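Working notes, beginning with the structure itself.
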Amino acid sequence: MHATTDVLPVTDLQLPTRFTRTAMAAMRVALRLSPVLTTHRKVPAKDTGAGAPRFVDALALPHPTSPQGTWDWAELDTSSEWTHQPIVQIDQDARLDEDGPVVRTGFLRLSSGFTDA
């Protein structure tokens, strides 16, 4: 943080990371998006073991790219329970999806985005 006053020179202040690391690692960022147009895409599962590759459904929607953390989508379902779905970045390729696009309201969440790289 830079502190500027008319009396003192500009000073650079910084808290040591040992005081902030635990709190920052526990934080989650949630951005409310409403309405957003999404589609489903089949993507390879991250925990695939030996054998045939396993695919999971993920929502395709634009989201910030970050080298740290995991983005997912959270929304209330019809029984007032929160559902969480993985997301993938949308691209410019034209596709004819089976279900077609769906308008959704929910939260784009970043988990573990503030840990040291």
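Key figures
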read-out: Fewest-first ranking of Phe55, Phe19, using other Cβ atoms within 10 Å as the exposure measure; value: Phe19, Phe55
read-out: Descending principal axes extents, the chain, alpha-carbon based, whole Å; value: 66, 39, 34
read-out: Within a Gaussian network of the chain (alpha carbon springs, distance under 10 Å), most fluctuating of Thr65, Thr20, Thr11; value: Thr11
read-out: The chain: angle of helix 17-26 to the longest principal axis, Cα-based, in degrees nearest 10; value: 20
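Rule-based calculations on the coordinates, nothing more; no lab input. Note that the structure is predicted; figures quoted are calculated from it, not measured. Cβ sites come from the backbone with ideal geometry, for glycine too, and all protein chains shown count toward neighbours.
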